[in-house]
Every structure is written in C-alpha cells, then in structure tokens.
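Have a look at the structure below before the remarks.
The values are calculated or read from the model by the stated rules, or taken from the named source; none is laboratory data. Not measured: the values here are computed from a predicted model. Note: ideal-geometry Cβ built from the backbone for every residue, glycine included; neighbour counts use all protein chains shown. With ligands, DNA and RNA removed, areas are computed over all heavy atoms of the protein, side chains included. Shrake-Rupley method; radii C 1.70, N 1.55, O 1.52, S 1.80 Å.
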Amino acid sequence: MTKIVNHWIGGKTVEGASGTYGPVTDPATGAVTTKVAFATVDEVDAAVAAAKDAYATWGQSSLAQRTSVLFTFRALLDANRDAIAELITAEHGKVHSDALGEVARGLEIVDLACGISVQLKGELSTQVASRVDVSSIRQPLGVVAGITPFNFPAMVPMWMFPIAIACGNTFVLKPSEKDPSASVKIAELLAEAGLPDGVFNVVHGDKVAVDRLLEHPDVKAVSFVGSTPIARYIHTTASANGKRVQALGGAKNHMLVLPDADLDAAADAAVSAAYGSAGERCMAISAVVAVGAIGDTLVEKIRERAEKIKIGPGNDPASEMGPLITRAHRDKVASYVEGAADEGAEVVLDGTGFTVDGFEDGHWIGISLLDKVPTGAKAYQDEIFGPVLCVLRVDTYEDGVALINNSPFGNGTAIFTRDGGAARRFQLEIEAGMVGVNVPIPVPVGYHSFGGWKDSLFGDHHIYGNDGTHFYTRGKVVTTRWPDPADAPAGVDLGFPRNH
C-alpha cells in the first residue's frame, strides 16, 4: 500500500481535502512509494489560523517555558536521528551518513535556540536626561512561514523554526513536496516535547500553497531557501504584500587553488565538496579555478580520487554517493555534460551512462569532471546541482579573483594556499557571503549566520545566528520618566524624606 503524507495543523494530522496528491519516489529504484497531499487555499488558511490562535498565548509565554520545550525536543531529536535519516534517504536518496550529518547540523541550531535568552537581552541607558531612562527590547512578530527545498528536508527547516518559536513566534512550514516525511516526523517530536498545539504547523503542496502564504495577511515574515529565480519571486511577492523576507537563492561556488597549495589536500577537498550528497547542495564546490601551471596535476589528482567513489543506494553502508532526487533532474544534470565538449570544455570524466546493477530504474548519474571550461559555457554559468565539477584555468591570483567576482552568484567560495597574505587578501577582496581558507565548504556554525551576496540572497538578513534572531523579532524602544517619590502630593506618605 502506498504511504500517504498529510498535513500537520493545530497539533494533529489533518488529511488532505483537495484530492490532489504529488508522487514521492525512492530515487534508488524510481518507484513511487508515497503520495503527499497538496493543500488548498483553505487548508493553508486553516494552518495560519491555528498558528495565529496559538500565538495569542505562545507569544506571551516566558523564555523559560519556550526553551524548556526546545531542550526536550533536542533530546528527542537526538534519540531519533537515525529514524529521521532513514526517512531522508528513502525519499531524497542521499547516503545514510550524509543524512545523519544533516540532522547533526540541524541540532546545532536547536542548541542555539535553547540558549536564545542571551540573544534576546535588551539594552538600558539610565539618566539620559533628568530622571529619564531609555530601554530597547525585542519582541516576536507573530505568525511566520518557512518554504524549504528538497536537498536538506530536515536541516533547512531547522535553520528556521527553532529560532522563530524560541523568540515567541508561531510557524507554518511548507516543505518540499519531493521528500516531505522528515518534516512531519519533526512535527510529531515537537508535539511529544510539549509544544502547544498550533505553534508549529506543516502544509504540503505546490505553488498554490506557496502563493497563499506569500499573500496571507496574518503571515508576518517568510523564510525561503531554493533556486535564485524562485528566491527572487518569493522576495518580490512577499515584500509587495508587506512581509519581512529572507530568501536564499542559488550558487556557483568557486575554489581558487594557488600554485603553492597542498595539491593533495586541495584535490581531496574538491572531490568531497563537489560530489558529496551528489552535488545537490547550495554550498557544493562546482568550479575549481586553477592558477598557473598546476592545472594538469590538480585535474589528474581530482580524477584519480573521483573514479574511486562508490555510488549506490543510500541505505547501502558501502555507498558514498546516492542517486539524484528525480528522473527529470537527473536528465537535466546529464545535459550539461553531454553538451560540454561542443562548448569548448574537455570532458575528463563522463558519468552520464552510469547505472547500478539491480537498480536500473533509479535516478543514477556518475561522476563528471570537465576541464578547461570556458566562462561562456552553460556548465559554468548555471547552477547544475549535481555531481559535475568544472575546472577553469587562469594565469594569476588577480585573474582568479576577477573571474569569481564576475559571477552573478556570491554564496560561498574558498581559497587553497599556504600563503597567509594571499588568504587575507582573498577574504577581503572576494565578493561572497561565506569564505573558506583551506576549507572547501565554509558553512558557518550555528552561532554565526549563513548567507550569500548578489543573486544568492534576496533580503537584508542572513539565516540563523544573530541575524536569525533579529529577523524573527522586531525592536522597540521605551523612554521612561518617573517623578521622584519624594515629590508625591501632600497627604500621600510613601515613606521618603522631604528634605532631598
């Protein structure tokens, strides 16, 4: 029997009423294993209404109450990390170790939310004028929404809702319809942890659900992670409806390798960063920029390592890389490799013909490595979101920086070098929101914020860290003047001397 994934509204499972369902496949077999209910406008409205009702009390609850629930949730999440990882592997296809790593990164943000009281401290200035004090406080917004992608179905929602609800907001999540089960499991764990009904809600669906969240008058803020075209649409539409927006878009992350770099370390890093999670992550290194005469040696070292990667079903402990999320996405990724030679690139490794014995209907693609890629090639210009690594050649450090800064994306970038001066210049001169020095995937820890520049971010706030706290709260300044008790009217005795 095909599993059905329904909505989670007001603290319980709510069966879809639209009669419309989306297919969820096992990427390793290509078989449809699950159907997910697609929400109508009325169902989205019901979720927002449940969140609004819950906000009336949750928004006034104490910090101690909120963090107590989150501490309990953290323990439950830790105890259930294997179960969540299995759901991710079954619907996304990534190998179990990758799925476990995703849950671990989500736990970092839950940890941050458990200590949110430090970030929510206000400020006080006394005696700014005679008997006048000024204080600044931060208060929650109300109902907030998150729209999240397929590539990290547990981690990316956890970049959002723990901080949002710790700050006193209530939350409506619209996860990817391609792998929805992890979000429902998380909702169940939150309920088990004692989160009041309606504080966290999940509605599944397509553009109908998204557009309703973007226009709903009771939704005060929207967080999004996904492709650049959709991020731009989310930002434009939600902003036009008066909402606060953080919309994280796509990327083309570069790794600049200088001639003095440890080429073995650089090759190891390039392979793990380009092909980990089958390249389906916004922080994947998809372009290596080789400076000077090291290009041939570096490409050969990458090739040697890439050819050894074991590709297979995500639930096979021997697998190091799994399939892609859908057949359509697999074919799109393959098209970049198939057209690369005609655009002037040298195809060092072509993974488009790869399959796995016994799983021939899975969404398989092997490792692809393209060398001497022109900047005008589609394989370089587009975010491929698959296991395809482009290598570009430049003569100097300055040429490499100029090439990277000319990209419309500015998510993350890295430099590999032994020269501290070059690394310092790079981190100051490069136009990207996250920079790694001999670190290929510079995803910040939870107490720093994640976000890019240029076409990789729309809105003013990065996600999680201090930016997350600021995004999910608004500031208020209170100016206070009290008369001195000794100035009380005659006949009122407050016990203060009159001879001041």
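Observations, loosely collected:
- Every test in (1) within 21 Å of Gly226 (Cα to Cα); (2) without any contact (Cβ under 8 Å) to a residue 60 or more places away in the chain; (3) part of a helix (DSSP H, G or I); (4) open to solvent by 10 Å² or more (accessible area, probe 1.4 Å) is passed by His448 save one, and that test is (3).
- Residue in the range 51-61 that is free of Cβ contacts under 8 Å to residues at least 60 places away in the same chain, within 17 Å of Ala164 (Cα to Cα) and in a helix (DSSP H, G or I) present: yes
- The set of residues from the range 22-37 being hydrophobic (A, V, I, L, M, F, W, C), open to solvent by 30 Å² or more (accessible area, probe 1.4 Å) and assigned to a loop (DSSP other than H, G, I, E, B) comprises just one member, Ala31.
- Selection from the range 134-174 of residues that are open to solvent by 20 Å² or more (accessible area, probe 1.4 Å) and among the small types (Gly, Ala, Ser): Ser135, Ser136
- Residues that are among the small types (Gly, Ala, Ser) and open to solvent by 60 Å² or more (accessible area, probe 1.4 Å) do occur in the range 240-255.
- Flag for Thr40 being open to solvent by less than 50 Å² (accessible area, probe 1.4 Å) and farther than 30 Å from Gln119 by Cβ: yes
- Yes/no for Arg131 being in contact with a strand residue (DSSP E or B) (Cβ under 8 Å, 6 or more places away or on another chain), at pLDDT below 95, of a type outside the set (A, V, I, L, M) and surrounded by fewer than 21 Cβ atoms within 10 Å (Cβ to Cβ): yes
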